[in-house]
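Participant: Structure provided below as structure tokens; questions to follow.
The values are calculated or read from the model by the stated rules, or taken from the named source; none is laboratory data. As the structure is a computational prediction, the values presented were derived from the model and not from experiment. Every residue, glycine among them, receives a Cβ derived from its backbone with ideal geometry; neighbour counts consider all protein chains shown. Just the protein is used for accessible areas: all its heavy atoms, side chains included, with ligands, DNA and RNA removed. Shrake-Rupley method; radii C 1.70, N 1.55, O 1.52, S 1.80 Å.
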Amino acid sequence: MSLTDDLYRETILDHYHNPRNQGKIEDASAEVEGVNPLCGDELTLFLKLNDQGIVEDIKMNAHGCSINTASGSMMSEAVLGQSLEKAREIIENFKNMMLSKGEEIPLDDELEDLEALRGVKKYPVRIKCALLPWNTLLEGLEAAEKKCCHHT
Ligand code: ZN
């Protein structure tokens, strides 16, 4: 294993053992659940948007493998405080990176921690574990947007 692999593994384990933004939001704009039956990963995601469409709070309750929990933890940090539009851009960037075959897709500089998950691509079964929080977030954003944002 190379030094970079070690660093990436440490990042993943850090987020697994100390997942950020765990818990629930009582007055959430949306609450959605995601399940990955292949691995047994389960995730409940709470989102709170303000009326400008900014992700004001995000919390989750993850019961799953290290990849699922770490991915969710890093995701929560990446989208907290972002606009809906920016959050969707981040999701797209990460999903494209994870799903690309052949040519590697770079992540934005600000998503540095998420680079750690690029190595998961070597284990196709685990890609679903890494993507579960992100797909759940997409659903959550849509539900939250319907509920609380007024578009002109
Ligand atoms: Zn998993």
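Participant: Averaged across orientations, what area in nm² does the convex hull of the alpha carbons in the chain project?
Facilitator: Convex hull of Cα atoms, orientation-averaged projection: 9.1 nm².
Participant: Further, regarding this structure: At a 1.4 Å probe, what is the % contribution of carbon and sulfur to the accessible area of the chain?
Facilitator: 49
Participant: On the full set of protein chains, 1.4 Å probe, figure out the accessible area of Asp57 and give it in Å² to the nearest 10.
Facilitator: The accessible area comes out at roughly 40 Å².
Participant: May I pose another question? What percent does the relative contact order of the chain come to when contacts are Cα pairs within less than 8 Å and at least six residues apart?
Facilitator: About 29 percent, as a whole number.
Participant: For the chain, take the longest principal axis of its alpha carbons; what is the angle in degrees between that and the long axis of helix 3-17, to the nearest 10 within 0 to 90?
Facilitator: It is inclined by approximately 40 degrees.
Participant: How big is the dipole moment of the stretch 3-149 about its Cα centre under a simple scheme where the beta carbon of each Lys and Arg is +1, that of each Asp and Glu is -1, and everything else is neutral? Debye, nearest 20, please.
Facilitator: 540
Participant: Please compute the volume of the convex hull spanned by the alpha-carbon atoms of the stretch 106-152 and report it per residue in Å³.
Facilitator: 111
Participant: In degrees between 0 and 90, to the nearest 10, how far off the longest principal axis of the chain does helix 66-79 point, with axes built from Cα atoms?
Facilitator: The angle comes out at about 50 degrees.
Participant: Specify the angular offset, from 0 to 90 degrees and rounded to the nearest 10, of the alpha carbon long axis of helix 124-148 from the longest principal axis of the alpha carbons in the chain.
Facilitator: Once rounded, the angle reads 10 degrees.
Participant: Okay, next question. So which of Lys59/Lys86; Lys48/Lys122; Lys101/Lys128 end up more than 24 Å apart by C-alpha?
Facilitator: Beyond 24 Å: Lys48/Lys122.
Participant: Same structure, new question: Out of the stretch 1-65, which GluC sites (Glu not before Pro) are coil in DSSP terms and have no more than 11 other C-beta atoms within 10 Å?
Facilitator: Filter output for the stretch 1-65: Glu26.
Participant: Over the chain, average the accessible area per residue using a 1.4 Å probe and give it in Å², no decimals.
Facilitator: 55
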